[in-house]
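The next block holds one structure in the form of structure tokens; read it before the comments.
We did not get these values from a lab; they are worked out from the coordinates using the rules stated. All values derive from a computational prediction rather than experimental measurement.
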Amino acid sequence: MSTITLLRGALALATTLALASAGGAQTFGPDFVNDYSYVDLGGPQGIPAPLGGLTFKAGDNNTLLIGGNANYPSGAIYEIGVTRDPQGHIVAFAGTAALFSPAPNIDGGLTYGPGGVLFFVTFNDNRMGQIKPGSMAPDKWIDLTPLGICASTGALFFVPAGFPGAGALKIVSYDCFNWYNATVVPDGTGTYDLTNVVATALLSGGPEGMVYIDSTNPGFTADSVLVSEWDANRVSAYQVDAAGDPLPATRRDFLSSLVGAEGAVIDPLTGDFLFSTFGGGDRVLVISGFTAPTVYCDGKTNSAGCVPTIEFAGAPTLSGPDDFVVSSNLMPNHVIGTLVWGLAPASTPFAGGTLCVQSPTLGSFGGQVSGGNPGVSSDCSGSFSFDVKQAFFAAHGLIAGTALYLQLLARDPGFAPPDAVALSDALTFVIQP
């Protein structure tokens with residue numbers, strides 16, 4: 001075992017003792033203190049400390065994957081269930097963790113990427129591991145040092161749909177504070193090679209896990225990224241540029257007086273921000289107050305060469321302003337379309353694309369005509385806009401804490417049946433009180 005790994009382990013022990021003496025209080029930054037709160041889940045039973053990255057298990061929003069024995073050759077990924085309150089927020093772990101896969105030296109990055117492959121990075125041997133769906137051990141390793149990534153990582157994350165730079169892979173170096181933009185390319189075996197690695201920003205504080213936050217959330221006036229900063233004992237907020245890279249000059253304290261911030265993930269049902277700690281009690285905290293819906297799944301390239309988008313405005317509440325609107329752009333012009341909805345996501349091949357809402361869907365919001373440029377030729381100037389009213393929630397008996405999934409479907413006369421359908425990406429949100 002390396003001297004660096006031993007040193008970081010000693011630091012984790014020291015910071016755990018410091019946390020105990022300080023009472024474990026965390027402090028939100030001045031721009032966030034009035035809107036956010038946290039629940040401390042404690043340490044997950046059955047996962048050996050220190051903790052590494054975390055993410056939700058593919059297809060199961062009630063199971064977390066968490067790195068254990070982080071930074072050590074015995075490192076591994078474990079799975080453990082979670083319990084939710086009536087509003088859908090995670091309030092406790094359920095049961096004891098089970099081994100998911102070995103992951104030697106796993107650090108703060110653990111996330112799913114294209115093809116359902118699970119990606120993670122390691123400290124301090126500076127590698128990326130990849131686990132294919134159904135595998136019980138890493139299927140591929142990439143040495144990051146020859147690609148120009150400063151030893152050692154850190155974490156990694158794919159920019160989610162709906163944010164600048166969507167789909168790009170972002171990697172941070174814990175030791176050098178560098179933020180990198182990269183591209184993954186299929187290698188023909190179900191895993192991916194890494195290309196086009198470029199350092200685009202210099203952060204601070206020993207960066208680890210990261211998540212993207214929509215500008216509609218309280219305290220965020222622009223699309224941003226939250227970064228767990230292990231050295232600095234904080235989680236920081238940075239605005240992002242057109243490529244999804246952080247702007248260092250915009251750094252603000254999101255959460256401080258914190259020990260060992262490590263992994264990071266967004267709860268797909270509530271928008272809550274979860275992070276693990278390496279040291280600092282080796283626990284998981286859940287931050288509530290995020291209300292923005294989440295874009296997921298992939299739209300279909302239509303016959304005019306565009307991928308329709310799904311967008312939203314307002315907030316889906318039962319008692320607040322009745323202003324939630326779901327829209328779609330880059331649709332074919334002058335076609336009929338509808339917004340379908342259901343209570344579960346899907347990824348089902350449909351009309352040459354993907355149906356992102358579980359079939360059969362529970363209903364639709366009726367038909368509209370997309371409008372757009374006049375004339376007989378098809379282009380991407382069409383759009384739709386649907387009001388998702390509180391009366392709709394009431395009519396269908398939908399209560400606070402219910403997760404909904406929506407997708408725009410429209411005719412696409414440029415394709416022959418059965419593929420003559422345009423499909424947006426999809427939107428999920430939890431109805432707020």
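At-a-glance table
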| quantity | calculated |
| --- | --- |
| Count of lysine pairs in the chain with Cα separation under 29 Å (8 or more residues apart, or interchain) | 10 |
| Residue of 184, 240, 159 that the Gaussian network model of the chain assigns the largest fluctuation, springs spanning Cα pairs under 10 Å | 184 |
| Between 0 and 90°, nearest 10: helix 3-22 axis offset from the chain longest Cα axis | 80 degrees |
| Tensor-based shape of the chain (alpha-carbon gyration tensor, a/c under 1.5 rounded, otherwise prolate or oblate) | prolate |
| Over the chain: helical MRE at 222 nm, DSSP H runs n ≥ 4 each giving -39500 (n - 2.57), nearest 500 | -2000 deg cm²/dmol |
| Residue among 295, 91, 265 with the largest mean-square fluctuation in a Gaussian network model of the chain, springs linking Cα atoms under 10 Å | 91 |
| Residue of 239, 87, 407 that the Gaussian network model of the chain assigns the largest fluctuation, springs spanning Cα pairs under 10 Å | 87 |
| Other-chain or far-sequence residues with amide H under 5 Å of residue 296's (modelled H) | 426, 427, 428 |
